[in-house]
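Input: a single structure, listed below in structure tokens.
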């Protein structure tokens, strides 16, 4: 399996605080069957500045350390960029890292309670530059839960949606669980990732969520594709042919 969203790099954001924790996270991931992890530290103006070249350096160091310890897992560079202005220019300048430095896919986070003005336009500008946004954990964003049509619009634009494994299994609360199940059922969810920050409370574990997704979709193959073939295409910078989303079932009105 491939985990496309993980805060495993030590000491650079709110994820792993030190190399010992990173090693523990890697061991948890290996035990779950994860072979590749995209290290996605935050990029957030005024809070976290993690340039692409620095992330690549941290990834190289962590891979070397893991190899010395005999831990068979591969870490690749990425970032989780908070939606902001001038995103294509920031990518070009190296302020924001694309997944595996392929210049193709970029993981984007929205504020939990609001959608910033001009957000859709920023996504469109990325698309015009050949960059494909992957919206991180939309099931945890209140405006998306309130109006799922926003996500339909994003997907129609060519964005991908990444749901969090712990949301699917209930670890992020009932609202996030219900929304993640809905996104999977409607084929609006394309990737399952851990968004891991620790080896215990928010661990890099995907298998339980994949099992749950298989029940929701009725297809083990479809569920597994969200942690195998789809993220593999992302890390290779390849185009992805996704199935059309299902339409929402309209509520029936009953009159007496």
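Could you please find all residues in segment 101-120 being in contact with a helix residue (DSSP H, G or I) (Cβ under 7 Å, 6 or more places away or on another chain) and farther than 18 Å from residue 147 by Cβ? Scanning segment 101-120 gives 101, 105, 106, 107.
Within segment 151-161, the residues that satisfy the criterion of being in a helix (DSSP H, G or I) and buried (at least 16 other Cβ atoms within 10 Å of the Cβ) are 151, 154, 155. Residue check: is residue 111 surrounded by fewer than 18 Cβ atoms within 10 Å (Cβ to Cβ), more than 25 Å from residue 239 (Cβ to Cβ) and touching a strand residue (DSSP E or B) at 6+ places or on another chain (Cβ under 9 Å)? Against the criterion (surrounded by fewer than 18 Cβ atoms within 10 Å (Cβ to Cβ), more than 25 Å from residue 239 (Cβ to Cβ) and touching a strand residue (DSSP E or B) at 6+ places or on another chain (Cβ under 9 Å)), residue 111 qualifies. Scanning segment 101-140 for residues that are in a helix (DSSP H, G or I) and more than 15 Å from the chain's Cα centre (by Cα) returns 101, 119, 120, 121, 122, 123, 124, 125, 126, 127, 128.
Bear in mind these aren't lab numbers, they're just calculated from the coordinates by the rules spelled out. The structure displayed is predicted, hence computed values, not measured ones. Methodologically, a virtual Cβ is constructed for each residue, glycine included, from the backbone with ideal geometry; neighbour enumeration extends over all protein chains shown.
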